[in-house]
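Accompanying notes for the structure given below.
The values are calculated or read from the model by the stated rules, or taken from the named source; none is laboratory data. As the structure is a prediction and not an experimental result, all values here were calculated from the model. No Cβ is skipped: glycine too gets one built from the backbone with ideal geometry, and neighbour counts run over all protein chains shown.
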């Protein structure tokens, strides 16, 4: 489902989607029909219809432009699908749409990203702002902003939390990337989480329960690019948040793709995997052990020996990562939790996790905390967010300290 939302069927077809998952097209069709009641083509068509509706209701694009930007092969197919899915014509949908204020950034599109309540955005947005790479990410005027590398071009997105939705402002090089950009923003903010299930499970622990009741609905800070986050986690091994940002900023300035940002201070896209694989690690200014780890990880990701992208098998990825010299439990679990979206990732050796556990009166040694955390399964990644939130640390401050 994540791969379909990311536009894989539109770009690679059902055969491409099946190949990524290790199935035949027929097997994939059978499994999806059994699990969700619709095949991959029908699901992709529904995705295109939702994208079309966004463009119909929030832009002045001609309907022919909307059709092709949404992934339809013809205007007739676009019209037929919109009528079938929404029981209304494109003209009617546009005429009844309530227009909001014009976006502040010229050429940007503004959308509302819904989420399942409850939603506690403070530590989520605080984490993203505190770990932001200068030039690639920033906090500005109440929003977290960042650059995106997308299949057909690049984009700048600004995300602002409100009580009942997240405002998403996108400036796209190519409108065909709209659905993919929105899907990646939703993964970044973990907006498709089931907070009621998480709360119901974790509040069974009497020590953790009061802290969850106080701020239900914390989300896992994710990513718009799994490879980017894996690199950042390796750069952050055994160093402070500030040091990790410094290392990543140097990488971005030297090897990232320059980008223009009329509305702020963003300057670069994070380097692509091809750019990263071509880097001479000795130029990064890292300790030798981390240099070897970085080089081995880039080689493995570029060759496909390690797969951590959308749709990757979490346990297989853990085994693949564990075979890389210098990649230990902390790195594996952080990648599983934040890059791959495993709700049960648990970096038990993380200093913030252990300090947070101590602050909440939980065991603070790795072995004892790991045993205690078994009762939090399969939601240990969400428990981590409450342990981190117990600390007086910039990752828990939104807006960032000293910012309006």
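Remarks
- Among the residues of region 9-44, those that are in contact (Cβ under 8 Å) with a residue 40 or more places away in the chain and in contact with a helix residue (DSSP H, G or I) (Cβ under 7 Å, 6 or more places away or on another chain) comprise 10, 20, 21, 43, 44.
- Matching residues, region 132-174, being touching a strand residue (DSSP E or B) at 6+ places or on another chain (Cβ under 6 Å), in contact (Cβ under 8 Å) with a residue 24 or more places away in the chain and surrounded by fewer than 17 Cβ atoms within 10 Å (Cβ to Cβ): 142, 165
- Qualifying residue in region 259-272 (condition: touching a residue at least 24 places away in the same chain (Cβ under 8 Å) and assigned to a helix (DSSP H, G or I)): no
- Screening region 347-370 for residues that are outside any loop (DSSP other than H, G, I, E, B) and without any contact (Cβ under 8 Å) to a residue 12 or more places away in the chain and picking the one that is surrounded by the most Cβ atoms within 10 Å (Cβ to Cβ) gives 358.
Conditions (1) surrounded by 21 or more Cβ atoms within 10 Å (Cβ to Cβ); (2) at pLDDT 95 or above; (3) farther than 25 Å from residue 352 by Cα, marked per residue:
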| residue | (1), (2), (3) |
| --- | --- |
| 177 | yes, no, yes |
| 189 | yes, yes, no |
| 218 | yes, yes, no |
| 228 | yes, yes, no |
| 242 | no, no, no |
| 248 | yes, yes, no |
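- Among the conditions (1) surrounded by 15 or more Cβ atoms within 10 Å (Cβ to Cβ); (2) in contact (Cβ under 8 Å) with a residue 24 or more places away in the chain, the only one that residue 283 does not satisfy is (1).
A quick yes/no check of all residues on (1) outside the structural domain of residue 225 (by TED's automatic domain parsing); (2) part of a strand (DSSP E or B); (3) farther than 20 Å from residue 397 by Cα:
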residue	(1), (2), (3)
139	yes, yes, no
148	yes, yes, yes
155	yes, yes, yes
160	yes, yes, no
163	yes, no, no
176	yes, no, yes
182	yes, no, yes
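- Looking only at region 50-75, residues that are in a helix (DSSP H, G or I), touching a helix residue (DSSP H, G or I) at 6+ places or on another chain (Cβ under 9 Å) and surrounded by fewer than 20 Cβ atoms within 10 Å (Cβ to Cβ) come to 8 in all.
- Those residues of region 199-216 which are part of a loop (DSSP other than H, G, I, E, B) and either at pLDDT below 95 or surrounded by fewer than 21 Cβ atoms within 10 Å (Cβ to Cβ) (or both), in sequence order: 203, 204, 205, 206, 207, 215, 216
- Number of positions in region 128-158 that are in contact with a helix residue (DSSP H, G or I) (Cβ under 8 Å, 6 or more places away or on another chain) and farther than 19 Å from residue 233 by Cα: 8
- Top-ranked residue in region 83-100 [being under 25 Å from residue 174 (Cβ atoms) and modelled with pLDDT under 90; ranked as nearest to the chain's Cα centre (by Cα)]: 100
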